[in-house]
Amino acid sequence: MRSIKLYDTYEGKLREFVPLEEGKVDIYYCGPTVYNYVHLGNFRPTVTFDLLTRFLRECGYKVRCVSNYTDIDDKIIKQAKVEGKSEKELSEFYIQAYEDCLNKLNILPLFAHPKASEYIDKMASFIKDLEDKGAAYQGGDDIYFRVNSDEKYGALSKQNIDDLISGARIDINTKKENPLDFALWKLTDDDGIKFDTVIGRGRPGWHTECVVMVNSVFNKPLIDIHGGGFDLKFPHHENEIAQSEAYHHTQLANYWMHVGFLLTNGVKMSKSLGNSTLAKDVLERHSGNGVRLFFLSTHYRAPVNYTEENLIAADKLSQRYLNSFKKAYYRLSLENIALEGLITEDYEEFMNALASDLNVSNAMTVLDREVKEINSLSIKKDADFTRLSSLLFTFSKLSTILGLDFHVEELSNEDKAMVKAYNEARENKDYAKSDELRPLLMEKGIL
Ligand SMILES: [Zn+2]
């Protein structure tokens, strides 16, 4: 297997990737809370882990990638009231809207897309076990996690527990033993969605939802990679780890990967800051390939700045790639030449770039170079068709690993007849005829 290095936030360094089970990789990344249309930034982790999945599969691993829907949350209850819907109707509606975006972005189908509401009984028994182990307790109307039960608390976000306590906001109404303790379950009989369980009537907290879904879907206490946006590192992921440490004595995932922010005017795009641009609107204005290229243009751990100009530029680049590919593809197809012959040096350079913590910029230089050569070969009268065929074959394979979709419609018999007529007109110096056909062929991307 190829040597792969990934940046592990938990260890705070690049680490050689070694799966827990040979040849297999299990990945989980936190999905959206489905109470409204998500902003563009939500899709940066999605695109990143889709790329990682594609790359690892290309390396020969059997990858199971999972992401959840948080469909139990106070924000959902509140918004359901605003929209006059049940919580389920509301979340189903926004899940559908989210999935429309996934399709446009050419995201591979996931191994599973669990919803928190489907794992309530498992969450309740998980919390009950934590209570039995002394890691959770009831304080007032909440069941809390006892942060002191995890001596490694703060390891992911590199924070010292005493500093965290002194910096924590003290809520005078709380029944917490320690200001850092967090709610696992809210015991309630309010008019929001609630469930009758072994620990009483109520609903789970977000941090418990994810850890239980990870354990349940993969049916194991430790998976290979857990990821999400950079902002989830603390407290969400720290709290997932704390529960896993208390329950299974594992850190839940062997590698923790965090994706940088999407900025707008230098500030993190977020719903709460009111500076967000909805993903669905962006995907109406720009192609899925363009939006994907925009995300991939910056290393996944660095912040990326959203502007319409940046997206337009990414769209243009994707269109330029498609046009070059299409033109050369049609040229070969008219000669009845199939695409074949992987250019090994290009493939290796590309894969080694991705193996270095997903260095897409370096990988893209291979595609850029190939497109330049495709363009120069395509216009030659006596083009080297064997070289052109392997360039297109390799370009197509590499761009698919990046999740770019440069699918080209096959030429119809009618198109082929038109090309034949055009070539004959030129040979016969019938310029009136060739001038008439040229724009039609250009429109189809054949010329
Ligand atoms: Zn999560």
Calculated FRET value between E284 and Q319, using beta carbons and R₀ = 22 Å, to 0.05 | 0.85
Under 15 Å Cα to Cα from K13, which aspartates and glutamates show up? Leave out anything in the same chain fewer than 8 places away.
-> D357
Simple spin-label estimate for K62 and S157 in nanometres, 7 Å along Cα-Cβ = 3.7 nm
Give me the Kirkwood hydrodynamic radius of the stretch 90-149, using the inverse of the mean 1/r over all pairs of distinct Cα atoms, in Å to one decimal.
-> 14.6 Å
Proximal aspartates and glutamates relative to K176, as straight alpha-carbon distance under 14 Å, when same-chain residues fewer than 8 apart are discounted = D141, D142
Residues whose built amide H sits under 5 Å from the amide H of Y255, excluding neighbours closer than 5 in sequence, are I225, H226
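Of K158/K268; K78/K280; K122/K186; K158/K233; K75/K133, which ones are farther than 20 Å apart at the Cα?
Beyond 20 Å: K158/K268; K78/K280; K75/K133.
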Local charge sum around V47 (other residues, Cβ-Cβ under 12 Å, Lys/Arg +1, Asp/Glu -1)?
-> +3
Within a Cβ distance under 13 Å of G140, other residues only, what is the Lys/Arg minus Asp/Glu net charge?
-> -2
Quick note, the stretch 1-65: a/c under 1.5 would make it rounded; otherwise a/b > b/c is prolate and the rest oblate (a ≥ b ≥ c, C-alpha gyration tensor); here it is prolate
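Classify the stretch 234-362 as rounded, prolate or oblate, taking a ≥ b ≥ c as the square roots of the eigenvalues of its Cα gyration tensor: rounded when a/c is under 1.5, otherwise prolate if a/b is larger than b/c and oblate if not.
Taking the square roots of the gyration eigenvalues as a ≥ b ≥ c, the stretch 234-362 is oblate.
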Extend 7 Å from the Cα of S412 along its Cα-to-C-beta direction; within the stretch 432-447, residues with backbone N under 16 Å of that point are 440-446
Is it possible to state the helix-based mean residue ellipticity at 222 nm for the chain, with each DSSP H run of 4+ residues giving -39500 (n - 2.57), the sum divided by total residues, to the nearest 500 deg cm²/dmol? What is it?
-> -15000 deg cm²/dmol
Any idea which of H258, S149, L377 is furthest toward the positive side of the dipole for the chain, if Lys and Arg beta-carbons carry +1 and Asp and Glu beta-carbons -1?
-> L377
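State to the nearest 20 debye the size of the charge dipole of the chain about its Cα centre, where the only charges are +1 on K and R beta carbons and -1 on D and E beta carbons.
780 debye
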Bridge orientation stat for the chain from DSSP, antiparallel percent rounded to 5, came to 50 percent
Cα-based equivalent ellipsoid, the chain: semi-axes from gyration tensor eigenvalues, Å = 51, 24, 18
How much net charge surrounds Y10 when only other residues with a Cβ under 13 Å from its Cβ are counted (Lys, Arg +1; Asp, Glu -1)?
-> -1
Over all alpha-carbon pairs in the stretch 5-259, figure out the percentage whose distance exceeds 32 Å.
-> 21 percent
Fully extended contour minus Cα-Cα distance, from E349 to K420, at 0.36 nm per residue = 21.6 nm
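Each value in this text was obtained by applying a stated rule to the coordinates, not by laboratory testing. Model, not experiment: these values are computed from the prediction. Every residue, glycine among them, receives a Cβ derived from its backbone with ideal geometry; neighbour counts consider all protein chains shown.
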